[in-house]
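In what follows, a structure is listed as structure tokens, so that the remarks can point back to it.
The values are calculated or read from the model by the stated rules, or taken from the named source; none is laboratory data. Remember, predicted model here, so these are calculated numbers, not experimental data. As a convention, Cβ positions derive from the backbone with ideal geometry for all residues, glycine included, and neighbour counts pool all protein chains shown. The area values use the complete protein model at the heavy-atom level, side chains included, leaving out ligands, DNA and RNA. Shrake-Rupley method; radii C 1.70, N 1.55, O 1.52, S 1.80 Å.
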Amino acid sequence: MLNRRAILSCGLATAGIAIADATELDKAPAGTPSYLENVKDIYSDNPRKAAIDWFRQAEFGLFIHYGLYSLLGRGEWVQIKEKIRVKEYAKLADRFTAEKFDADFITDMALDCGMKYVNITTRHHDSFCLFDTKYTDFKSTNTPAKRDLVGELAEQCQSKGLGFYLYYSHGRDWRHPHAPNNWGWGGSARPKYDPPEQFYVEGPKHDLQVYVDFMKNQVTELLTNYGPIGGIWLDGIGVPLSRKGKMGQFKSQELYDHIHSLQPQTLVSYKQGLLGTEDFKAPERHWTGTSDVPLELCDTLQPHGWGYTKSDDGKHKSAAKVIEMLGKAKQMNANLLLNTGPMPDGSIHREDIRTLKEVGQIRRSESRLSIQAKNEFE
């Protein structure tokens, strides 16, 4: 009998993603990625331009925030807000089963409401990884789930022509010993533990380069093991850090260049912008600025939080509200990246399923009316 890893590998091979061995997917396949099929003529000459042109027309994407924090149902910032100790928080991994995380269902749901791409949190600020990385044991494949959720979603996106984008926490990490500490950094770098957390390296022994190398290695894995990647969506460096003149230590431009060298069509974003060399901006909800690069607004189906928040049950956004949000994004020449926070078991919240189904119905009806009106006019 084939084990889950073998089954996943067979599925990915069928989807057109080459397999290096039983535990690792190979680089993106030759030829045009499935999601860029309608710009393949441009892709053959300039992959990055093709990807940017495609992104400008995408309009609608699905954001997924899922991780250990989902088990607690108090949002993705629960570790820092409640000052949960590193080793205590890590115990959540023993309960992580993701038994109802269904990449096939998720991608069908996205397609049904007219979404063109999916973005998942490969690694959030708590440093827990939803992919099979060689650089930490703090990962989904090392839990009772024993699953590479990024790989499963990559397979489905590739086979269905959806763009596959990856969120990656860059400037903030509440676990890695050499990530930015509170002293001298700011920006909610660490929970404010009292007494100080012994898991972290502080003082002269702290070496940010160790953390920078760790991130580059993981981003390399994501860009070589999971087929064609639409974009890397970086997060974490905030205003407090930039004011301290420490951004250069992250060598962010080197990382951008590395990403483009591995997969030239992969776009890079850093929220509302960090260096000014990003391929698109992706600010949160109430942003009102301007942009000379493609723009994406991210918002949530919950009232505010990104990871599942139990206290928000019964308060998720309606289809009418989502249609309003899409209209606002369109007025700003922006895409809407709409987030769902899966339940502890990985299933999509039933309120979000209902809303997105209604959104799809409304959009299809609007499209039919638009085509009918155009035909009558002609």
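The number of residues in segment 265-322 being part of a loop (DSSP other than H, G, I, E, B), crowded, with 18+ Cβ neighbours inside 10 Å and among the charged types (D, E, K, R) comes to 4. Criterion first (of a type outside the set (A, V, I, L, M), open to solvent by 10 Å² or more (accessible area, probe 1.4 Å) and under 26 Å from the mean Cα position of the chain (by Cα)) does R172 satisfy it? Yes; evaluated as a whole, the condition is true for this residue.
When only residues in segment 259-317 that are at pLDDT 95 or above and among the basic types (K, R) count, which is nearest to L222 (Cα to Cα)? This residue is K281. Evaluated against (1) open to solvent by 10 Å² or more (accessible area, probe 1.4 Å); (2) of a type in the set (V, I, T); (3) closer than 21 Å to R354 by Cα, I120 falls short on exactly one condition, (1). Residues that are surrounded by 15 or more Cβ atoms within 10 Å (Cβ to Cβ) and either within 23 Å of T107 (Cα to Cα) or touching a His at 6+ places or on another chain (Cβ under 7 Å) (or both) within segment 35-47 comprise Y35, L36, V39, listed in sequence order. Considering only residues in segment 229-246 that are over 30 Å from L162 (Cβ atoms) and either part of a helix (DSSP H, G or I) or at pLDDT 95 or above (or both), the one that is least open to solvent (accessible area, probe 1.4 Å) turns out to be L241.
Here are some residues: D94, D53. Which one is assigned to a helix (DSSP H, G or I) and either touching a Pro at 6+ places or on another chain (Cβ under 8 Å) or of a type in the set (K, R) (or both)? Show your work before the answer.
Working: D53 fails: either touching a Pro at 6+ places or on another chain (Cβ under 8 Å) or of a type in the set (K, R) (or both).
It is D94.
Residue count for segment 247-264 satisfying the condition of being open to solvent by less than 30 Å² (accessible area, probe 1.4 Å) and small (G, A, S): 1.
Would you say V210 is assigned to a helix (DSSP H, G or I), open to solvent by 10 Å² or more (accessible area, probe 1.4 Å) and of a type in the set (A, V, I, L, M)? Against the criterion (assigned to a helix (DSSP H, G or I), open to solvent by 10 Å² or more (accessible area, probe 1.4 Å) and of a type in the set (A, V, I, L, M)), V210 qualifies. Checked against (1) more than 20 Å from V78 (Cβ to Cβ); (2) open to solvent by 40 Å² or more (accessible area, probe 1.4 Å), G161 meets all criteria but (2).
With respect to S367, determine if the residue is over 22 Å from the mean Cα position of the chain (by Cα), open to solvent by 10 Å² or more (accessible area, probe 1.4 Å) and modelled with pLDDT under 95. Criteria met by S367.
Residues that are assigned to a loop (DSSP other than H, G, I, E, B) and open to solvent by 20 Å² or more (accessible area, probe 1.4 Å) do occur in segment 107-116. Do we have any residue at all in segment 193-203 that's without any contact (Cβ under 8 Å) to a residue 60 or more places away in the chain, part of a loop (DSSP other than H, G, I, E, B), more than 20 Å from H258 (Cβ to Cβ) and open to solvent by less than 10 Å² (accessible area, probe 1.4 Å)? Checking segment 193-203: not a single residue is without any contact (Cβ under 8 Å) to a residue 60 or more places away in the chain, part of a loop (DSSP other than H, G, I, E, B), more than 20 Å from H258 (Cβ to Cβ) and open to solvent by less than 10 Å² (accessible area, probe 1.4 Å).
Please indicate, with yes or no, whether at least one residue in segment 337-353 is at negative phi, free of Cβ contacts under 8 Å to residues at least 40 places away in the same chain and not in a loop (DSSP other than H, G, I, E, B). If you could, list the steps in order and put the result at the bottom.
First, the residues of segment 337-353 that are at negative phi: 337-345, 347-353.
In the following step, the residues that additionally are free of Cβ contacts under 8 Å to residues at least 40 places away in the same chain were identified as 350.
Next cut, not in a loop (DSSP other than H, G, I, E, B) only: 350.
Among the residues of segment 337-353, at least one is at negative phi, free of Cβ contacts under 8 Å to residues at least 40 places away in the same chain and not in a loop (DSSP other than H, G, I, E, B), which makes the answer yes.
Scanning segment 190-228 for residues being aromatic (F, W, Y) and more than 23 Å from the chain's Cα centre (by Cα) gives a total of 3. Does at least one position in segment 217-228 carry a residue that is open to solvent by less than 30 Å² (accessible area, probe 1.4 Å), under 17 Å from T136 (Cα atoms) and in contact with a Gly (Cβ under 6 Å, 6 or more places away or on another chain)? No, there is no match, as no residue in segment 217-228 is open to solvent by less than 30 Å² (accessible area, probe 1.4 Å), under 17 Å from T136 (Cα atoms) and in contact with a Gly (Cβ under 6 Å, 6 or more places away or on another chain). Give me the residue from segment 162-192 that is part of a loop (DSSP other than H, G, I, E, B) and among the aliphatic types (A, V, I, L, M) and, out of that set, modelled with the lowest pLDDT. The extreme case among them is A189. Of all residue pairs spaced 6 or more apart or on separate chains, none has beta-carbon atoms under 6 Å together with a first member in segment 146-157 that is part of a loop (DSSP other than H, G, I, E, B) and a second member that is modelled with pLDDT under 95 and buried (at least 24 other Cβ atoms within 10 Å of the Cβ).
Of the listed requirements (1) under 17 Å from the mean Cα position of the chain (by Cα); (2) under 20 Å from W306 (Cβ atoms); (3) open to solvent by 10 Å² or more (accessible area, probe 1.4 Å), K100 misses just one: (1).
On the given criteria, is D173 in contact with a Ser or Thr (Cβ under 6 Å, 6 or more places away or on another chain), in contact (Cβ under 8 Å) with a residue 60 or more places away in the chain and of a type outside the set (F, W, Y)? Even if it seems obvious, please write down each step before you answer.
Values: in contact with a Ser or Thr (Cβ under 6 Å, 6 or more places away or on another chain): yes; in contact (Cβ under 8 Å) with a residue 60 or more places away in the chain: yes; of a type outside the set (F, W, Y): yes.
Taking the combined requirement at face value, the residue satisfies it.
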